[in-house]
Every structure is written in structure tokens, then in C-alpha cells.
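Only one structure is covered here, and it is reproduced in the block below.
The values are calculated or read from the model by the stated rules, or taken from the named source; none is laboratory data. Note that the structure is predicted; figures quoted are calculated from it, not measured. Cβ: placed from backbone, ideal geometry, glycine included. Neighbour counts: every protein chain shown. Protein only, heavy atoms only, side chains kept; ligands, DNA and RNA dropped before computing areas. Shrake-Rupley method; radii C 1.70, N 1.55, O 1.52, S 1.80 Å.
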Amino acid sequence: MHILNIDGLPPRTSKGELMRLLIEDGNLRKHYIGRIVTKGHGATIEVTGGDISQLVTLLDGNLVGTRQIRVWTDAQIGSDDHFDQLLNWLALEATAESNNVQRNIGSGNRLALEKSIRNLTLRSEDVGLGGKILVKLGPRNESKPLPWSRLTSGVPVVLSEEKPEKDQSPQLWRGLISRISKESVEIALNRIPESESPTFRIDAADDEVGRERMKRALSRAISAKNDRLADLRDVLLGKAEPTFYRDTPDKQLFDELTDGLNAAQKISVKHALSASDAAVIHGPPGTGKTTTVTALITAAVAQREKVLACAPSNLAVDNIAERLLANKINIVRIGHPIKILESLHAVTLDALVEKNGDYQLAKKLRRDANGLQADAGRWKRAKPEKGEKAAMRREAREMLDEARKLESMAVEQVLNGAQVILSTLTGIDSAIFGQRQFDLCVIDEAGQATEPASWIPLVRSNRVVLAGDHQQLPPTILSNEARRAGFGVSLQERMVQMDEGGSSLLSKPFAKRLDVQYRMHRDIMDFSSGEFYEGTLLADRSVAGHLLSDLDGVSHTDLTGSPVTMIDTAGASYDEEWDKNTRSRKNEQEAELAIKKASALIEAGLPASDIAIITPYSAQVSLLRDRLAAEGLNSIDLGSVDGFQGREKEAVIISLVRSNPDGEIGFLAEQRRLNVALTRARRKLIIIGDSATITADEFFGRMLSWVEKVGGYKSVWEEM
């Protein structure tokens, strides 16, 4: 027996209507249908026979009344070792995230407080696209601003009662910050926060919705049989042979579509287009991966294919979207506009639907319906006619149903007109996508996505191309147990491992690597190339020898006239400190030295906006932010290593922070994170660190040898 879960049903959907849905749309025999339990907009149904995989495929995203429903079964543990492992890791991650949220809500440390806003009152409620409840909150004293916090638009949060009724646990509502200003914060919720509490609080939350979508996708993959998803699953698990015999554009068209690409980029595009099942575009730093992915998608569109383009982060999705727009591709960007670059707001689903005539009519119907509901609830001096208020409420419900139908039609028209639909991995929702299937799914920055997240788009795709670099930042994992067990291995990395393992099923490797980089001076590139890419990277002539002193207005100095400098602080008592508020490490002397070097670059004529200071530790970021503000150097880009993935600057200063007598380097030992840090600079890389501490790790020993080889080593004593 299986339990079928349904969400998003119209109000008051009867059991008879659900029976009809299962039999007529799901092709399920009546005697296979067991107990049906309905609650709110959802239902659970016992299914005692039939093909549960086919049933979910037929019903998920199906239109019931005016709504596209979500349908899934809970994953059957024990049916597949690989997926059992992924589900177990998801459970560990859920526990770790929940513990973090609870710890932050109950904690008084500074980091937790910066992710909360307290003592808020409800200001107003409104309804957004698709019936989302928009709740505005602000301080009790309306003349006072919101307290400062790290919360920003697009962040998932938990809204909770600050003063629940006696002997009651506080009610919680999960949502997303849709807008935040100095005076108020607006949150998008799925339901109205009905509460008598005078004040509320909001706290940064884990992405529970995204995790549920991962579990549902894994369930679909586990139970799939005799369909395209089953075939794709078997290829990606190494149980079936992938093929590479699809037609690619004729030579003349292919040359036009890939004009300006180098040889390796063209080979990667052709390889990906020929893949019947799956392929990987491996793009080391600066090798033009996004350019290559854009060419691939453009070529697929030229072959009249429907493409789903996604990535784990909104910024990565937006990077592709901007390139496709420049190529005159008709795109729709799915996601909350708050999370999307302003330059792309015109092509968001919300903006495109807003222009649709059906949606404009739906808005009017909603306003009229809300007015009727308000009138029906008002007390009037004259006694209303018998049944008058009930009739008004009934008419309002009918108007809202018609509004939802028109909204659904508007969304459908917009999505049908798109050549490429773009979304984050966890932003893919059956309530929006319906039953759409895509000829090609492209996942960019795939090395940063957990494997369960990658399965969300795969359940609605005929084939997949993963683009990224598994030698840069891995997926973010909160559970130490899950990380140690292997949850940080992305689907892309696992596919490359299959290549390297020489599987007998692979007639061709999944992956093609890009090899010409257009960012770094050759000396900056060499260490990364040797450590992570078998020395295969080549610096294009346009960047191979470029220096800061080659830029207009920049004078020649020791710093600007060389590509690499490492300042060794060994023996100078640049000791690290533990910051209990941020639960992170900092190094005040390193911070001062980093600012000194940045100031020297500025004095030589380099604009502050061309400089970045990056560091692996959040406490060091906070310390540097305060120091830069005090020096009036706010134009210098500052952040963590993780925040600089995919970015670059003319000059980058890295503060390694760790300096202790025990040779402890903590997560500096995560070599892929250092690969990101060392490859952000175009013309100048400055590293500040204590060789006596960091060379306890052999990786840093090799890094020090490289610095000496390129003539970049300096002792901090030379700076005094």
C-alpha cells in the first residue's frame, strides 16, 4: 500500500471529486482506492494497487478546478541504497537546520540577534499573486525605525508570537521577506497569522519548502519505471549506458551559434548537444563557463527545444538570464522579484503575468470579492434580508474562483510563450510549472548543489547538462555527520568520478573540460592549475602577462608591478582570537595589514572599487567592515570566500587569519574553498598568513613553494 499526498486543492473538494480525479485523470481502478482523508487544501489517500509512479506523474501539476495541485508519495526507504542514503542525509540536515533555528531564537549572542527582529506589531495585510498573504509589520512605536539586522529581502523567516496565550506554545508561520525598509518589513505567507498576541518576532529560518521538494523528487526517482525518468535515473546511477548520438546543428549554423568561442568551448557545446541522457561541462575558474552554457542553450533553442535552466542560487540563474536576454531569447524568470536582479524584473513571471489582460480582470474580481466579504461581515443598523449575507459570501467565493481561473490562464499563457524558463533548483513548483516537461535541463553551478536538489528539475526533463566546477565551492552542508558521510558530493562530482573510474558502461566520458582562462595572470593561475586541473589550464594571451601597472592611471610600484605577493607573518605575534559573539575567528593585526596594502594600491592609482578583501572567517569580515568604514574605504569590496564564487577583481587581498602555536588551521584545510580564494584576482593577488601555522598542512607547503617560485614571498618584517 502507498499513501498518496495531495496539496493545493480547491476549498471544499469532496471525496467523490477526489475519486473521480484518481479514476479519470490517474487511470486508477476504483478498487485500488482505499481510505481518503481531507484536511484544508490537502488530502491523503491509501492506494492499494496500480502503478504509483505513473499515478503521481499523471496527477502532479494537474488542474483541479482553478488550481494546479501538487501530488507525491512518501519515499519508500529500503528500495534503493543510493536514494536511501540521500534521504537519510536530508533528515540529518533537517535536524541540524532546525537546531540552528531554535538555538538562534533562544540565544542572546550577537550573531543570533542580528538574524532576528523583535517586538513587532501587525500593520496591514494584503493579497499578492496566487493568493499569497502579504503581512506588513513594524515597531510598536511607529515613529521609530526597525532595529538593524542581517535580514534582507528574499530571506526565508519564521514569524512567531512573542507573547502567546497563557500555557500555550507560540504559533509559528513560515514565509519569505518580500520587502524591508527602515520603517517596516513585509512577509509573504501562505496563510493569515490569526493571533491575539500583541507583538511578534521574525527569525531567519531554514528552507523547509526546498527540502520537501527534494524529498518528493527523490520519491519520484525511486519509484519511476518504464518511463524517461527511470531511464535517466539508471544512467546517472551507472546502471545503464549513456548515449551520445543526438543530432546537432549543421556546421554552418553551429559555427554561427558558437561564434567567438574557443576550441574547447565549442567541443563542450557539441558534446552536450549530442548527449541523449547526460553530459557535464567542467569549467575551471575564468574559463568562460557561463558563455559556454549560454551558447549551448541558444543552440538548443535554435533546434526548437524547450529548455529549463536552473542553478542552486538566484545570482547564478540571473547570470544566465542576462546572457540569454542579450541573445534575444524569449525567457521567463521564475522566482520572487525581490530575489532577482532589477535588470531582469521585466521578464519575471510576476511582471509578465501582470501585463496579461486575464490577470488584470482577475485583480478586479479579487477586489470586488474582498469588498463583498467585508460587507457580509459588517454589522448594519437595518436587519438584512434572510440569506442576504450568505448570498454575498457565496457570490464572493464564485468571484474568487473565477479570479483564480483567470490567474491560472495568464500564467499558462506566459509560460507557454517562453523558449527558456529559468528558476533556482528549489524554486521549481508543480503549482506553477503544472505538468510541463522539458527537452533539455541545464543546471549551472552544479558543483554547489546537493544531489537531492538536482533531482527536482530532473523529474521533468528528457536529458540534463550539468555545468560547474566540483573543484571550487562544494554544497553548503550544516550537518557534520552528513558531510562526513558524503552529502557534500554533488551529482556533477559523482558523474566526473564515474568518468575517472573508467566505468565499462561509458563509451564516452560525461565531462568535457574548458582549458583556456581569461581572468588571471599566468603566475596567479599556475598553482590552481597544478593542484586541481592537472596543469592543463592555459592563460589567454590577453591576460597572461597583465599587471596592475598596465592600467591607465596606475603607477609602477613593488605591489603593482608583480602579480603575486605573500606576506608571511610568522614570528610577529599576529595571533588569532576567538570571537564568542560570532563563534568565529579574527586576527586584528592581519586586518590592519590588509587595509594598509589596500591603501597602498589606492595611492598607486588603483580605484578602491577594483579591490577586494576576502577571508574565510565571518568574525574577520565583521572586523574588517568596521575598520574600512572608519578609514572611509567602503568602496573596497569585502566578503567571505563563499560570497566571491563566480566573481573577480583586479586586485584581491586574502586574510587567512589562522596563527597559533599548535598548527591548527580548521576549515582552511578545505582546499576547494582556497581554490576559490586564490583565483578571484585578475592582475594582483596578495596573501597574508602565518607560514608556521598553515604549512602544517601539505597543501599550504606547496602553496608557499609556488609563491617563492614566482618571486612573491615577503616577510612581514620587511613591512615594518
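Values as computed for the structure displayed
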| quantity | calculated |
| --- | --- |
| Zero-based 5 Å bins, Cα pair distances in the range 480-600, whole percents | 2, 8, 10, 11, 12, 13, 14, 13, 9, 5, 2, 0 |
| Helix 357-377 vs. the chain, principal-axis angle (Cα, 0 to 90°, nearest 10) | 60 degrees |
| Efficiency of FRET between Asp439 and Leu172 - r from beta-carbon atoms, R0 41 angstrom, step 0.05 | 0.50 |
| Charge dipole (debye, nearest 20) of the chain; +1 at Cβ of Lys and Arg, -1 at Cβ of Asp and Glu | 2900 debye |
| Carbon and sulfur %, accessible surface of the range 446-557 computed with the full protein complex present, 1.4 Å | 46 percent |
| Counted charge near Arg483, where neighbours are those whose Cβ lies closer than 14 Å (Asp, Glu -1; Lys, Arg +1) | -3 |
| Accessible surface of the range 178-259 [probe 1.4 Å, protein heavy atoms]: carbon and sulfur percent | 43 percent |
| Tilt relative to the chain, helix 81-106 - C-alpha long axis, 0 to 90 degrees, to 10 | 90 degrees |
| Helix-only mean residue ellipticity at 222 nm for the chain, each DSSP H run of n ≥ 4 adding -39500 (n - 2.57), per residue, nearest 500 | -11000 deg cm²/dmol |
| Residue-level accessible surface for Ile192, protein heavy atoms, 1.4 Å, Å² | 80 Å² |
| Flagged links, alpha-carbon separation over 30 Å, of Lys239/Lys306; Lys215/Lys270; Lys215/Lys339; Lys289/Lys339 | Lys215/Lys270 |
| Under 13 Å, Cβ to Cβ, from Thr424 - net charge with Lys/Arg +1 and Asp/Glu -1 | -2 |
| Within the range 402-504, GluC sites (Glu not before Pro) in DSSP loop having at most 12 other beta-carbon neighbours inside 10 Å | none |
| Cβ-Cβ FRET estimate between Thr121 and Asp259, R0 fixed at 51 Å, reported to 0.05 | 0.30 |
| Over the chain, relative contact order from alpha-carbon pairs under 8 Å, at least 6 apart, % | 12 percent |
| Crossing angle, helix 618-631 versus the chain [Cα axis fit, 0-90 degrees, rounded to tens] | 70 degrees |
| All Cα pairs of the range 255-345, percent lying beyond 24 Å | 20 percent |
| Under-21-angstrom lysine pairs by C-alpha in the range 558-690, whenever the two are 8 or more apart or on separate chains | 7 |
| Cross-link partners of Lys39 among aspartates and glutamates (Cα-Cα below 15 Å; sequence separation of 8 or more within a chain) | Asp7, Glu17 |
| q = 0.16, 0.22 Å⁻¹, the range 136-225: log10 I(q)/I(0) [Debye, one scatterer per Cα] | -0.73, -1.12 |
| Kirkwood-based Rg to Rh ratio, the range 177-320, C-alpha trace | 1.12 |
| Anisotropy class of the range 614-720 from Cα gyration tensor, a/c 1.5 cut | rounded |
| Chymotrypsin sites (Phe, Trp or Tyr not before Pro), loop per DSSP, at most 12 other Cβ atoms within 10 Å - longest free stretch of the chain | 380-720 |
| FRET efficiency estimate (nearest 0.05) - Cβ-Cβ, Asp550 to Ala608, R0 22 angstrom | 0.70 |
| Probe 1.4 Å, protein heavy atoms only - accessible area per residue of the range 142-259 in square angstrom | 55 Å² |
| Straight-distance crosslink candidates among aspartates and glutamates, where the alpha carbon sits under 15 Å from Lys363 and sequence neighbours closer than 8 are dropped | Asp126, Asp350, Glu354, Glu398, Asp401, Glu402, Glu407 |
| Beta bridges per DSSP with both ends in the chain, % antiparallel, nearest 5 | 50 percent |
| Loop sites in the range 26-83: trypsin sites (Lys or Arg not before Pro), DSSP, at most 14 other Cβ within 10 Å | Arg29 |
| Å² per residue, accessible surface of the range 628-720 at 1.4 Å | 40 Å² |
| For the range 248-273 versus the range 624-667, the gap between their alpha-carbon centres in whole angstrom | 39 Å |
| Over 31 Å (Cα to Cα) - which of Lys225/Lys508; Lys115/Lys714; Lys266/Lys355 fall in this group | Lys115/Lys714; Lys266/Lys355 |
| Percent carbon-and-sulfur accessible area, the range 621-720, ignoring ligands, DNA and RNA, probe 1.4 Å | 44 percent |
| Dipole of the range 574-720 [Lys/Arg +1, Asp/Glu -1 at C-beta], most positive-end residue of Gly666, Thr679, Leu633 | Thr679 |
| Net charge over other residues, Cβ less than 12 angstrom from the Cβ of His2 (K, R count +1; D, E count -1) | -3 |
| Positive-end residue of Thr44, Pro10, Gly61, charge dipole of the range 3-103 with Cβ unit charges | Pro10 |
| Per residue value of the accessible surface for the range 539-626 (all protein chains in place, 1.4 Å probe), Å² | 41 Å² |
| P(r) weight above 39 Å for the chain, C-alpha pairs, percent | 42 percent |
